[in-house]
Amino acid sequence: MAPSFDHLPDPEDDEYDEEELDFSDLRERFEVQLEQGLDTFVVIDGLPRVTEETKPKLIKFLSRKLNAVGKTKEDIHMPIGHDGNSYQFAFVEYSSPAEALAACKALDGTALDKKHTLRVNKLTDIDRFGREGRIDDDYHPPKIEGFAEKEHLRSWLSDPSGRGRDQFVMYKDDRVQVLWNNEKDTPEEIVDRQSWTESFVQWSPQGTYLTSMHVQGVQLWGGPQFSRQKRFAHPFVNLVDYSPGEKYLTTWSNRPISIPEEGHPMLSVDDDGKNYVIWDIETGKALRSFANIDLPSNSNDEAGQPIKRKIVWPAFKWSSDDKYVARLTQGASISVYELPRMGLLDKTSIKIEGVMDFDWAPAAPHRDGIKTYEQLFCYWTPEIGSNPAKVGLMSIPSKEVVRTLNLFSVTDAKLHWQSDASYLCVKVDRHSKSKKSLATSLEIFRVKEKGVPVEVVDSIKDTVINFAWEPKGDRFVIITTAEVVAATAVPPKTSVAFYCPEKVKGGAAVGNFKHIRTYDKKNSNAIYWSPKGRFVIVATVHSQQSFDMEFYDMDFEGEKPESDKDLTANLQLMNTADHYGVTDIDWDPSGRFVATSASIWKHTMENGYHLYDFKGEQLREEPVEKFKQWLWRPRPPTLLTKEKQKEIRKNLREYSRVFDEEDKDRGASADLAVVEHRRRLYDEWVQWRQNVLDDIKMEKQELNLPEDPLEGLIKNTSDEENQIIEEIVEEIVEESEEIIS
């Protein structure tokens, strides 16, 4: 029955006062709830302008896209204006609200052609935004803000001292400091802040931002004064990861996101219950969120208890050019997403049965004979039934498998890309028939050569526990052990082996990889190459017994041993050092200095840092109470061309003379400062002594005392009172002893 309004006053009556009446309860009771009837409708924006003649063709094209994600009820309604052209939007109704929501998620942001991108939203959302005041009924042209100059985020590259110093961040107790490295001298402070982060700090890959972690989310800092540049509100965030080009950011929390009823400033209802968020750093917007991948329900250990999965980080891995990000579903597939839409490549994951791990090439591969754009990633699968284990190289976006390699008796495999993607080394641990012993072979893919040939280094008898390529080079170092590696206080005995390619006539190609030298009876477990190559540190870290560090030069300019004449290396141990309790070793981006540190996060004994040059000579040793982190600030890739870099290397002696003179001048100025300081202290002492003598002289005058206290005694002493004292000195010139029988 319709409600009666007869009891209400007549609006034409003079006694009617609108301000005294409150209709809110009636409006709330009888207002039509649009959400209950229009939540199956979708608004499509961003369409091209068409006429009545071309409209059917566009509708037919749109229908194919819209029906691919759900079933539409009627034809698409596309309004046409008085001028005969469309308004560039359309309406469509789906069979159910769930299908309408799915269409919005799947089609929003889809490129229709090069000039048009679809924006798909629910009609109820647009109406709700309008009622909440987010959409104004009247059009107002956008207000263009005046130009405001921003801070230079790479200002640190022009060191004000002119010495090309590097910066580093140090986290101790609850303080975070950013400082200039001054070699032997005390570091120069740039900024020192208390409670800057709640867990740890992290540089972006090119050093533009310093990341701080908080309960509310992540903050990015930069510029000369390290002002706040960006904020990403991911509650209870635990870890962050940047894309190589610093365009995107991944955040992860072990707590699923919970969106409150009043909403969230940066996340939506769709992000509720998710753990990962991928952000666009420039716009600050969340591109997409993901939940943790759970193990199947039947994943139990031998005792029947559910297996606790260890977090794999980073869970999302980036292509070298930031165009793709991929995620592994272990044992099943690899999902590749296109940026910035974050849509699945070809709308489907890549099914790879049993896949265990994958990794993107760290640079564009530029394979021989391939002129089209591509990115590569490698993956490996274990033995399944009678099928062998397999390593594959896949090209993206074509999804073409460009190379596969079958492997047998495989226990485990690790993927190691060389920095410019020239080589891929697959470290394969193989078990014997009895499965009681392990041995390792290195399968090296020559990625840039035609057909991607594979070279096998199978002369290794023991298990390889560490492998590291030379950055921007073709040499590598391995650490092997014959003992079972376990978490014990006493590290296993290890051997360190060095490999390089053979020389090839003409130098146009790289020869086979050959063994240079092996050092036995070591405790080493870690390899740290200089970012510029050539120099490498082999060390023992996280140990309670050994703290050795060995500094090697792979191109030592000395006499080459006869056995090394055909190899592209001249290995030399330059220096050894030790740092008690060392937990971390970091090269600066220039490859000139190395910082070793002992963090309180690992142990509480003798925390602090040491600073060495590339030759292993110690420059500084500084104990730091409650020391946590030391991180060098990375540098962006050089803007110099390869030809310019070759020219600089060719004339390096000329450049070095200039730097040597600057070092001498700086040393001389430092010495001059010391001399001036000492001279000032001496002058102050002389002045103080003279003041004391003047005070004594005045006191003697007031007391009528002679200036020389011995003057009166000498005058009053007569000659008779003088005594002559003779002293006889007996000296033995020679003494001999003779026994007479």
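The values are calculated or read from the model by the stated rules, or taken from the named source; none is laboratory data. This is a predicted model, so every value here is computed, not measured. Cβ placement follows ideal geometry from the backbone for every residue including glycine, while neighbour counts extend to all protein chains displayed.
Within the bounds of region 567-577, is there any residue that is touching a residue at least 12 places away in the same chain (Cβ under 8 Å) and under 26 Å from the mean Cα position of the chain (by Cα)? Among the residues of region 567-577, not one is touching a residue at least 12 places away in the same chain (Cβ under 8 Å) and under 26 Å from the mean Cα position of the chain (by Cα), which makes the answer no. Name the residues in region 60-78 that are at pLDDT below 90, over 46 Å from the mean Cα position of the chain (by Cα) and not in a strand (DSSP E or B), would you? Passing the criteria: K60, K73, E74, D75, I76. Within the bounds of region 226-233, is there any residue that is part of a strand (DSSP E or B), buried (at least 21 other Cβ atoms within 10 Å of the Cβ) and within 18 Å of the chain's Cα centre (by Cα)? Yes, that holds for at least one residue.
Scanning region 575-588 for residues that are buried (at least 19 other Cβ atoms within 10 Å of the Cβ) and over 13 Å from Q544 (Cα atoms) returns A577, D584, I585, W587, D588. Screening K184 against (1) touching a strand residue (DSSP E or B) at 6+ places or on another chain (Cβ under 6 Å); (2) in a loop (DSSP other than H, G, I, E, B); (3) surrounded by fewer than 15 Cβ atoms within 10 Å (Cβ to Cβ); (4) free of Cβ contacts under 8 Å to residues at least 40 places away in the same chain leaves a single unmet condition, (4).
For (1) crowded, with 16+ Cβ neighbours inside 10 Å; (2) closer than 20 Å to M356 by Cα; (3) not assigned by TED's automatic domain parsing to the domain that holds N523, each residue gets a yes or a no:
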| site | (1), (2), (3) |
| --- | --- |
| P382 | yes, yes, yes |
| N387 | no, yes, yes |
| P397 | no, no, yes |
| V402 | yes, yes, yes |
| F445 | yes, yes, yes |
| G451 | no, no, yes |
| V454 | no, no, yes |
| I478 | yes, no, no |
| T481 | yes, no, no |
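Every condition in (1) free of Cβ contacts under 8 Å to residues at least 40 places away in the same chain; (2) touching a Pro at 6+ places or on another chain (Cβ under 6 Å); (3) polar (S, T, N, Q) holds for S155 except the one numbered (1).
With respect to (1) buried (at least 18 other Cβ atoms within 10 Å of the Cβ); (2) in a strand (DSSP E or B); (3) not hydroxyl-bearing (S, T, Y), the lone exception for A421 is condition (2). Consider region 261-285 and keep the residues that are modelled with pLDDT of 95 or more and of a type in the set (A, V, I, L, M, F, W, C). The one that is nearest to W221 (Cα to Cα) is I281.
Out of E654, E606, E643, one residue alone is touching a Phe, Trp or Tyr at 6+ places or on another chain (Cβ under 6 Å) and modelled with pLDDT under 95. It is E606. For region 245-271, which residues satisfy the criterion of being free of Cβ contacts under 8 Å to residues at least 24 places away in the same chain and surrounded by fewer than 15 Cβ atoms within 10 Å (Cβ to Cβ)? Result: R255, S258, P260, E261, E262, G263, S268, V269.
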